[in-house]
Amino acid sequence: MAGAIHAVEARHPPEYVGESTCESCHPAEAADWRRSHHAQAMMLPTRQNIRGAFDGRSLSADGKTATFLTQGERFVVRVEENGQSAHDYDVAYTFGVFPLQQYLLAIDRGRLQAFDFAWDARTAAQGGQRWFALQPGKTLKPGDPLHWTGRDYNWNSICAPCHSTGLRKNYDASQDSYHTTFSDIDVACESCHGPGTVHVAWARSAKKTAENTSDPVKGLLVVLGHASGGWSDYSPQTGIRHWVGPRRTSQTLEICAPCHVRAEALSDPLPGAPLLDSRVPTSFDQDIFQADGQIEAEDFEYTSFLQSKMFRAGVICADCHEPHSLSLRKAGNALCGQCHAPARFDTAAHYHHPQGSPGSQCSACHMPTRVYMGVHVRHDHSFRIPRPDLTENIGVTNACAACHADKSAAFLAQKIREWTGASPMPHYGDVFAAARAGAPGAEHSLESLAADPAFAPIVRANALTHINDDATTLKLIETSLHDPDGLVRLAALRALQPYDAATKQRLAWPLLDDPLKAVRVGTARLLGFLAPQLGGEDAAHLTARVDEWIATQRDAAERPESHLNIGALKSEQGRTEEAAEEYRAALKLDAHYLPATLNLADLDHAAGREDESFALLQEAYRLAPDEPDAVYAFALAQVRRGDKGAAETTLRAGLRRHPNDARLTIVLALVLKAEGNAAAAGEVLKAALQANPNDAQIQDTLQNLQPSSSEP
């Protein structure tokens, strides 16, 4: 399958017609869709749709008790927490269906919140048919973003775009309220095919003839169909089928991507449009991906899939998943056998396990699983070869250990060497693990990886995000800024951040007109500080792009992060009062939002308002003594006031909580030296180096503490 996105007349932009209109002409597809999880992504709370037991059962966990009740036709959650009296909340909608179902509770000002006790919809034999806590072990209070009433559990901004069709968030910043609407409650036809009014008009037109019936567009915003090519027979050499003909376009994959990627949202996605017009995928962040790119936290498949050989060979989601029912096209190994010859791959000689055993399943070895949200088993979609040798070397997980937990990684790696008769191939996971550890030589390996087109663009992009600034790297960045893949260009922009203003402007300026929105606005953010310094057409051009970037931030105006980001740019431009207004807007949304408090304090410090700055930092430290940023900023403020003893106390308290924090260690050493205790400063740094032997900043600070040979 392939896809194309088509323009429509601006005078008549398409609108949503609703799933029932589509069903009137496409009953077979609608019947398949009604069996899917898409059709049950969000539903009204009826007895038919509710899976949970609202029969008076209660669940107590982490300082909260919830009782689930039925009152007539109403489904009610009675919540007692934080010593407050019980409050009844009506269930406004169901959310999801299997393996768990959540419930949206109406709060105030149009807010719907996803309650963090959910129903385990699995069978009792599987451990289901029970209420369970989604955040076990976390006792959260209102005001915390992760409390079920907090912004990270808000349906309107976080969940809604991927569970309903034709969503309009309609956030009113002046009232801090929502009037969110949708055309269909669930993930319906137009979520993928785009708004249908023009198509319906075409279908109902009296002028429709046999000639224009064959028109492939038919008024559709997105046309999905077969490209002028097909799959080859199984190769006699490899046993694998390959796509023959023009490369299939990416629109079909990118219809799925906006809701199956962990990303920063820029705007509402247009079905079939490039992902980077609406989303910025998360890179191989240490908290989300393991060093070799395997999933750690939820990544929702897309970023994993971009690493795979399948993606680079042109495989798309619909090759494995029927797009209306979402069912797998074939069961078990037969699914993989569509492209991988069963006679070669579905044999004990290939998988080295008895046929029919768990170890004989392709997915067991090549799509290892992790459990999210307590009960949801999800497969890694990077389709990798099991590498217990990487477990030995860099500590990542491996598929073999899922069944052979009693065996060491060394044992498992040796078994694979015996089966294959070969040593394992080099893997980019070694490079990223070395970079994370700050190992000597990692920089050269990263540059080689980023420059090698044999690796997937997502891998090369991740390498760029890790590199440091030097002359060799700058040449690589310059080349990467012109890479055909948008992810690589975006990563190159980020890598350009440490360089001087002239270098940034010279290299990045052409990307202000990049065809992809993420790259354009990323460039605008990088160069935005220049706007007040320019004149004429250059100033107008950059300002227009900066305004486009600001619009992406305003689209999330209900979140303090958006105001922080805008404030930071205003500060770089010297518009300090506008920056302060943005930081205060962030704090109005969340009075405990630490980054805004710290930035406000920085503005006061820069303006010479030391008392105001100190008061802000003192309060920040009082509210967040466990946050290294608060400790660091408050200790520096204490030093500026001449109270080095207090700063030492603050820093030592911070290091007890975060013993490996290099910034706190370095500042403590400098404070000790300033107090005349250079020996103690050296001991602090030497101890830190034992835990972080490759930390260049600690090494440099220690070296600078040593007396030079010319000193007496």
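Assorted remarks:
- Leading residue by the ranking (nearest to ILE255 (Cα to Cα)) among those in the range 328-348 that are touching a His at 6+ places or on another chain (Cβ under 9 Å) and in contact (Cβ under 8 Å) with a residue 60 or more places away in the chain: CYS339
- Identification of helices (runs of 4 or more DSSP H) wholly contained in the range 399-506 with 1 or more residues that are at pLDDT 95 or above and within 30 Å of SER360 (Cα to Cα) yields 400-403, 409-420, 428-437, 457-466.
- Taking the range 96-109 as the range and being closer than 14 Å to ASN154 by Cα and either touching a helix residue (DSSP H, G or I) at 6+ places or on another chain (Cβ under 7 Å) or outside the structural domain of PRO145 (by TED's automatic domain parsing) (or both) as the test, only LEU104 passes.
- Complete set of residues in the range 120-156 that are among the basic types (Lys, Arg) and closer than 29 Å to HIS592 by Cα: LYS138, LYS141, ARG151
- Within this structure, ALA647 passes the test of being more than 24 Å from LYS141 (Cβ to Cβ) and either of a type outside the set (S, T, N, Q) or in contact with a Gly (Cβ under 8 Å, 6 or more places away or on another chain) (or both).
- The residue that is farthest from PRO388 (Cα to Cα), counting only those in the range 284-329 that are part of a helix (DSSP H, G or I) and among the small types (Gly, Ala, Ser), is ALA318.
- Residues in the range 28-47 that are outside any loop (DSSP other than H, G, I, E, B) and under 11 Å from SER325 (Cα atoms): ALA28, GLU29, ALA30, ALA31, ASP32, TRP33, ARG34, HIS38, ALA39.
- Condition broken by HIS26, with the remaining ones in (1) at pLDDT below 95; (2) in contact with a Cys (Cβ under 9 Å, 6 or more places away or on another chain) satisfied: (1)
- Taken as a whole, the range 477-497 holds at least one residue that is under 22 Å from LYS570 (Cβ atoms) and exposed (fewer than 13 other Cβ atoms within 10 Å of the Cβ).
- Residue count for the range 107-148, restricted to those that are part of a loop (DSSP other than H, G, I, E, B), within 20 Å of PRO45 (Cα to Cα) and of a type outside the set (D, E, K, R): 6
- Between ALA688, ALA669, ALA635, ALA630, the distinction of being in a helix (DSSP H, G or I), touching a Gly at 6+ places or on another chain (Cβ under 9 Å), closer than 26 Å to ASN468 by Cβ and not β-branched (Val, Ile, Thr) belongs to ALA669 only.
- When residues of the range 94-106 are limited to those that are touching a His at 6+ places or on another chain (Cβ under 9 Å) and not in a loop (DSSP other than H, G, I, E, B), the one farthest from THR180 (Cα to Cα): LEU100
- Figure legend. Inter-residue proximity from the range 408-425: first residues within 16 Å of HIS353 (Cα to Cα), second residues not in a helix (DSSP H, G or I), beta-carbon distance below 6 Å, spacing 6+ or different chains. Indicated pairs: TRP419/HIS352.
- In the range 188-209, the residues that are over 19 Å from SER267 (Cβ atoms) and touching a strand residue (DSSP E or B) at 6+ places or on another chain (Cβ under 9 Å): ALA188, CYS189, HIS193
- The set of residues in the range 307-351 that are at pLDDT 95 or above and of a type in the set (Val, Ile, Thr) contains only THR347.
The values are calculated or read from the model by the stated rules, or taken from the named source; none is laboratory data. Because the structure is predicted, anything quoted here is derived from the model rather than measured. Note: ideal-geometry Cβ built from the backbone for every residue, glycine included; neighbour counts use all protein chains shown.
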